[in-house]
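What follows is a short report on a single structure.
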Amino acid sequence: MKRLFTCLLLAVVTFVSVVPAEAARVRVRRGPHGRTVVTVRAGHPIHRARHTVIVRRPGVVRRVAVASFLPVVVWAPVVVARPDRDVMVWQDAETLFKEEDWAETVFDADARGEKLFLEVVAGKVQFDYAEVTFENGECQVVDLGNGTRGPGVYSLLDFRDGRKIDHVSLTARARTSEARIALLLRK
């Protein structure tokens, strides 16, 4: 019994002394460890090869499943003035890191508004596409054309009927060491 205890104690001491040395060599990753290829439902209006991405915010609740896709909107990136705080009903932001390459981020909007904006707060970002899912299951795909954009506020989608957005999925990557993006919804 003493021999078993001695061996066990020796193993624990060896493990504890080795772990800190090994931990110094481990590279800390921001975001999830796994990468996945973006998969889309049949009927998705963009028909190009999908990127391998890191899925950021995998726990975001998607209350509404996509029932149908609206015709794709091709984005014309126009810099606009940032909406005043008193007319904004929702906003959310995310930091992207160049080392992660392509990332898919889901923003939980659950808000009603008339105009959606995309802001590059800092850095440069290359955008692939965005999917805006409304409360009735319709999904508006915005083809962002893989263009790279610097700081500024851009008009993303205009829907004057005051639609309720459930969530927005955005596929993008940082072209600088890190970049901060935000989505803004105006009433």
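The values are calculated or read from the model by the stated rules, or taken from the named source; none is laboratory data. Bear in mind the structure is a predicted one, so any value in this text is a computation, not a measurement. FYI the Cβ positions are ideal-geometry reconstructions off the backbone, even for glycines, and counts take in every protein chain you see.
Could you go through region 72-86 and let me know if any residue there is over 23 Å from residue 187 (Cβ atoms) and buried (at least 19 other Cβ atoms within 10 Å of the Cβ). Scanning region 72-86, I find no residue that is over 23 Å from residue 187 (Cβ atoms) and buried (at least 19 other Cβ atoms within 10 Å of the Cβ), so the answer is no. Scanning region 77-115 for residues that are of a type in the set (Lys, Arg), over 26 Å from residue 146 (Cβ atoms) and touching a strand residue (DSSP E or B) at 6+ places or on another chain (Cβ under 7 Å) yields one hit, 112. Pairing residues of region 47-65 that are over 12 Å from residue 105 (Cα atoms) with residues that are among the β-branched types (Val, Ile, Thr) and not in a strand (DSSP E or B), at Cβ distances under 6 Å and at least 6 apart in sequence or on separate chains, gives 50/38.
Considering only residues that are without any contact (Cβ under 8 Å) to a residue 40 or more places away in the chain and acidic (Asp, Glu), which ones fall in region 66-117? Passing the criteria: 84, 86.
Residues that are among the polar types (S, T, N, Q) and within 28 Å of residue 52 (Cβ to Cβ) within region 136-174 comprise 140, 146, 148, 169, 171, listed in sequence order.
Only residues that are in contact with a Lys or Arg (Cβ under 8 Å, 6 or more places away or on another chain), in contact (Cβ under 8 Å) with a residue 60 or more places away in the chain and not basic (Lys, Arg) were counted in region 140-161, giving 3. A single member of 87, 106, 16 is at pLDDT below 55 and of a type in the set (A, V, I, L, M), and it is 16.
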